[in-house]
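Read the structure below first, then the notes.
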Amino acid sequence: MTVRRVLVTGASRGIGRACVEALAAKDHDVIGVARDSVALASLVDDAREARSSVVAYQCDITDESAVRVMFDNIGPVDVVVHCAGMSLSAPVLRTTRDDLDGCFRLNVLGAFFCTQQALEGMRKSGWGRIVFVASTCGLVGMPYTAAYSVSKHAVIGLMRVVASEVAGKNITANAVCPTYVRTAMTDSAMEKISSLTGRSRDEALVSLEGSSPLNRLLEVEEVAHAVAFLSSELASSINGQALVLDGGGIQH
């Protein structure tokens, strides 16, 4: 297996951290990117114990100039995994411009800036993988997710545009679209549902679990393994696809 240089955004926790661990376990050289320096230090410490090749880079990917400097410093990468993201829960009538701006800035612009910088090196080397961690909310409308859904629909659109431009160049762009995953972000969603509906946190959890045929939350490792596959040589024929991880709830 060829050792690849992999950059993972949102690497300090949740799905991002699981992606770092899954890709490092395949002996790739992984660069974990996040804003939280303390969490990044913990990530590197854990990788060292596991004897994995992981380094950390602190960067706000919503800052285009900072992203440019980061790529100048780290050089070309073979794989980019876009895990950095945020979610907000509010009905359309209570969704603010700041809500929209926040989700769009991190979920879409951050991914766009990193993709832009990575593509040049991938084109020169003649090989690359770009994987966007999107959401089932990027494919269907779900109540109380206006800002988040708008941004994730945009992520899917960005992925498909990139895929169309790299087709036939041994570079692929794909997305994974999980349903609710057991993360701190989902914990926040449950708290918001409780505050909006008056239901208990446990009732909110049952509601989220029941939104997919699995009747449970996904685990971060399930998402990470799908990402690792799409990052591999074996996925060379897959391009421009949104892989849904929800047990069959969304039918295309």
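Taken over the range 155-179, the residue count meeting the criterion of being more than 22 Å from SER232 (Cα to Cα) and either assigned by TED's automatic domain parsing to the domain that holds PRO213 or under 13 Å from the mean Cα position of the chain (by Cα) (or both) is 1. Among the conditions (1) β-branched (Val, Ile, Thr); (2) touching a helix residue (DSSP H, G or I) at 6+ places or on another chain (Cβ under 8 Å); (3) surrounded by 17 or more Cβ atoms within 10 Å (Cβ to Cβ), VAL92 misses just one, which is (3). Just one residue in the set GLY32, GLY14, GLY110, GLY102 is small (Gly, Ala, Ser) and on the phi > 0 side of the Ramachandran plot; that residue is GLY14. Residue pairs whose Cβ atoms lie under 6 Å apart, sitting 6 or more positions apart in sequence or on different chains, and linking a residue in the range 142-164 that is charged (D, E, K, R) to a partner that is surrounded by fewer than 18 Cβ atoms within 10 Å (Cβ to Cβ), are ARG160/GLY240.
Rundown of residues vs (1) surrounded by fewer than 22 Cβ atoms within 10 Å (Cβ to Cβ); (2) in a strand (DSSP E or B); (3) polar (S, T, N, Q), yes/no style:
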| position | (1), (2), (3) |
| --- | --- |
| GLU120 | yes, no, no |
| ARG129 | no, yes, no |
| PHE132 | no, yes, no |
| GLY141 | yes, no, no |
| HIS153 | yes, no, no |
| VAL162 | no, no, no |
| GLY168 | yes, no, no |
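Tally time: how many residues in the range 84-105 are in a helix (DSSP H, G or I), within 29 Å of VAL8 (Cβ to Cβ) and either among the hydrophobic types (A, V, I, L, M, F, W, C) or in contact with a Cys (Cβ under 8 Å, 6 or more places away or on another chain) (or both)? Please lay out each step first, then the result.
Filtering the range 84-105 for residues in a helix (DSSP H, G or I) gives 92-94, 97-105.
Subset that is within 29 Å of VAL8 (Cβ to Cβ): 98-105.
Subsequent filtering for residues that are either among the hydrophobic types (A, V, I, L, M, F, W, C) or in contact with a Cys (Cβ under 8 Å, 6 or more places away or on another chain) (or both) retains 100, 103-104.
Summing the residues that are in a helix (DSSP H, G or I), within 29 Å of VAL8 (Cβ to Cβ) and either among the hydrophobic types (A, V, I, L, M, F, W, C) or in contact with a Cys (Cβ under 8 Å, 6 or more places away or on another chain) (or both) in the range 84-105 gives 3.
Residues satisfying the criterion are absent from the range 18-35 (criterion: surrounded by 15 or more Cβ atoms within 10 Å (Cβ to Cβ), of a type in the set (D, E, K, R) and touching a helix residue (DSSP H, G or I) at 6+ places or on another chain (Cβ under 6 Å)).
The values are calculated or read from the model by the stated rules, or taken from the named source; none is laboratory data. Note that the structure is a prediction, hence the values are computed from the model and not measured. Glycine gets a Cβ as well: all are built from the backbone with ideal geometry, and neighbour counts include every protein chain shown.
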